[in-house]
Amino acid sequence: MQLHELYYILIDDDAVNNKLTRKILEKLNVPKEQIHDFIDPTEALDFISANKIPAEIPACFFIDITMPEMDCWEFVEKLT
């Protein structure tokens, strides 16, 4: 599997962290259209739902463990 075959979902309430992670992925030649960053985990869930990302397409999540509205564990519970 190639890096460009994945969806990369970045979720962090600190926009700087999302930007740094995005830059690292871009330096690894991950196509920009495969990287999606969110400050609010609810927006990430909405994006996943709205775009109907199929289970067959792997996703790599970078999630802040402690966020004010929803921590990463709550996010994973809602995702499944």
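The values are calculated or read from the model by the stated rules, or taken from the named source; none is laboratory data. This structure is a prediction, so every number in the text was calculated from the model and none was measured. Positions of Cβ are backbone-derived with ideal geometry, glycine not excepted, and every protein chain shown enters the neighbour counts. Remember, those area values only see protein heavy atoms, side chains included, never the ligands or the DNA or RNA. Shrake-Rupley method; radii C 1.70, N 1.55, O 1.52, S 1.80 Å.
See the values below:
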| read-out | value |
| --- | --- |
| Complete set of residues in the stretch 10-31 that are surrounded by fewer than 20 Cβ atoms within 10 Å (Cβ to Cβ) and either assigned to a loop (DSSP other than H, G, I, E, B) or in contact with a helix residue (DSSP H, G or I) (Cβ under 7 Å, 6 or more places away or on another chain) (or both) | D13, D14, E26, L28, N29, V30, P31 |
| First in the stretch 2-20 and within 13 Å of I65 (Cα to Cα) and modelled with pLDDT of 90 or more, second anywhere and part of a helix (DSSP H, G or I) and among the hydroxyl-bearing types (S, T, Y), Cβ under 9 Å, 6 or more apart | L10/T21; D12/T21 |
| Subset of the stretch 32-57 that is part of a loop (DSSP other than H, G, I, E, B) and modelled with pLDDT under 90 - its residue that is surrounded by the most Cβ atoms within 10 Å (Cβ to Cβ) | I53 |
| Residue that is of a type in the set (S, T, Y) and in contact with a Leu (Cβ under 6 Å, 6 or more places away or on another chain), where the choices are T42, T21 | T21 |
| Residue tally, condition within 10 Å of the chain's Cα centre (by Cα) and of a type outside the set (A, V, I, L, M, F, W, C), over the stretch 35-50 | 3 |
| Answer residue from the stretch 58-80, given it is of a type in the set (A, V, I, L, M) and open to solvent by less than 70 Å² (accessible area, probe 1.4 Å) and is farthest from D13 (Cα to Cα) among those | A59 |
